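The values are calculated or read from the model by the stated rules, or taken from the named source; none is laboratory data. Remember, predicted model here, so these are calculated numbers, not experimental data. Here the Cβ positions follow ideal geometry from the backbone for every residue, glycine too, while neighbour counts run over all protein chains shown.
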Amino acid sequence: MHGPKDTVVAKSITVTVAGTVPLTESATSAKKETPRMADGKPDLSGVYNMASRGGADSPPELKPGAEKFKVVRGPKDAGLYADCMPTGVPQTYFVPYQWQIVQSRDKVVILHEYLHLFRVILIDGSPHPVDPDPTWMGDSVGRWEGDTLVVDTIAFNDKTELPGGFRHTEALHVVERFHRVDFDHLQWDATIEDPNVFSKPWTMSRAFPLRGDLEKVDEYVCENNRDYKDLFGK
């Protein structure tokens, strides 16, 4: 059984068979190349761990008068995940649970173990709907720029938080770039903008390690019918 861990604990042993020559360390540690689809595009499919820092983030700058969008929690606030509601994008990558990409020729599906959240991203040239209804995870379309998948997401509701503790409006716009640098690593960069909240777009970058021991995400159930105030005192 696997859980919300950032690393996989494993024990290794070496068995030498008579008449054979052991592999050298350099041979066993060589990086595998990025897998590819039949059309030559990188195959991003796989289960990945939660985000680890992949570079410096550009700090968001609030517009004058937008201070109300900064989240301030009181001593009895049970936290971002206490109500078991969808996390939105890009916050969904910062939950300590695995997530999965399933890729085909014309679409990419992202499955998050936490809350069973999913996104279906068309990569066949389809545009956004003319007047999409706001949703928790937004409306996403993608395109390839060389070996990088660029995903453009709009039509969010205003009920989720952004990393760093910020609210947003329905004008939120997120552009993600997925690049599988080798078999075991996926580079992710995102540009976030909301002209009602931030004075300019801001960026973040993360590296996701492949969970080679997993073929799919697991079931997750979140209960939000418990009164948590006793955990924080009266």
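Of the conditions (1) in contact with a helix residue (DSSP H, G or I) (Cβ under 9 Å, 6 or more places away or on another chain); (2) farther than 20 Å from ARG180 by Cα; (3) assigned to a loop (DSSP other than H, G, I, E, B), HIS128 clears all except one; give me its number.
Evaluating HIS128 over (1) in contact with a helix residue (DSSP H, G or I) (Cβ under 9 Å, 6 or more places away or on another chain); (2) farther than 20 Å from ARG180 by Cα; (3) assigned to a loop (DSSP other than H, G, I, E, B) leaves (1) as the failure.
Would you be able to say whether some residue in segment 177-190 is aromatic (Phe, Trp, Tyr), surrounded by fewer than 17 Cβ atoms within 10 Å (Cβ to Cβ) and modelled with pLDDT of 95 or more?
Yes - at least one qualifying residue is present in segment 177-190.
Condition test on TYR97, is it among the aromatic types (Phe, Trp, Tyr) and under 25 Å from HIS173 (Cβ atoms)?
Against the criterion (among the aromatic types (Phe, Trp, Tyr) and under 25 Å from HIS173 (Cβ atoms)), TYR97 does not qualify.
Given the condition surrounded by 15 or more Cβ atoms within 10 Å (Cβ to Cβ), over 16 Å from the mean Cα position of the chain (by Cα), at negative phi and of a type in the set (A, V, I, L, M), answer yes or no: does some residue in segment 94-110 qualify?
no
Taking into account only those residues within segment 121-171 that are over 19 Å from LYS70 (Cβ atoms) and among the aromatic types (Phe, Trp, Tyr), which is surrounded by the most Cβ atoms within 10 Å (Cβ to Cβ)?
Among them, the one singled out is TRP136.
Exactly one condition in (1) over 30 Å from LEU214 (Cβ atoms); (2) of a type outside the set (Gly, Ala, Ser); (3) in contact (Cβ under 8 Å) with a residue 12 or more places away in the chain is false for PRO201; which is it?
Only one criterion in (1) over 30 Å from LEU214 (Cβ atoms); (2) of a type outside the set (Gly, Ala, Ser); (3) in contact (Cβ under 8 Å) with a residue 12 or more places away in the chain is unmet by PRO201, namely (3).
Table: residues versus (1) at pLDDT below 85; (2) surrounded by 14 or more Cβ atoms within 10 Å (Cβ to Cβ); (3) over 19 Å from the mean Cα position of the chain (by Cα); (4) over 25 Å from VAL175 (Cα atoms).
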{"position": "ILE13", "(1), (2), (3), (4)": "yes, no, yes, yes"}
{"position": "LYS32", "(1), (2), (3), (4)": "no, no, yes, yes"}
{"position": "LEU44", "(1), (2), (3), (4)": "no, yes, no, no"}
{"position": "GLY54", "(1), (2), (3), (4)": "yes, yes, no, no"}
{"position": "PRO64", "(1), (2), (3), (4)": "no, no, yes, no"}
{"position": "ASP77", "(1), (2), (3), (4)": "yes, no, yes, yes"}
{"position": "THR87", "(1), (2), (3), (4)": "no, yes, no, no"}
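So, in segment 94-110, exactly how many residues are at pLDDT 95 or above and under 20 Å from ASN157 (Cα atoms)?
Counting residues in segment 94-110 that are at pLDDT 95 or above and under 20 Å from ASN157 (Cα atoms) gives 1.
Looking at segment 66-75 only, could you name the residues that are modelled with pLDDT under 95 and of a type in the set (D, E, K, R)?
ARG73
Could you tell me whether PRO96 is more than 19 Å from ASP194 (Cβ to Cβ), out of contact with any Gly (no Cβ under 6 Å at 6 or more places or on another chain) and either of a type outside the set (Asp, Glu) or outside any helix (DSSP H, G or I) (or both)?
For PRO96, the condition - more than 19 Å from ASP194 (Cβ to Cβ), out of contact with any Gly (no Cβ under 6 Å at 6 or more places or on another chain) and either of a type outside the set (Asp, Glu) or outside any helix (DSSP H, G or I) (or both) - is met.
Say we look at segment 213-234 and pick out the residues that are at pLDDT 95 or above and not charged (D, E, K, R); which of these is farthest from THR92 (Cα to Cα)?
Here the answer is LEU214.
In segment 160-216, how many residues are within 12 Å of the chain's Cα centre (by Cα) and assigned to a loop (DSSP other than H, G, I, E, B)?
1
Tally up the residues in segment 146-159 that are part of a loop (DSSP other than H, G, I, E, B) and of a type in the set (Val, Ile, Thr), please.
Matching residues across segment 146-159 total 0.
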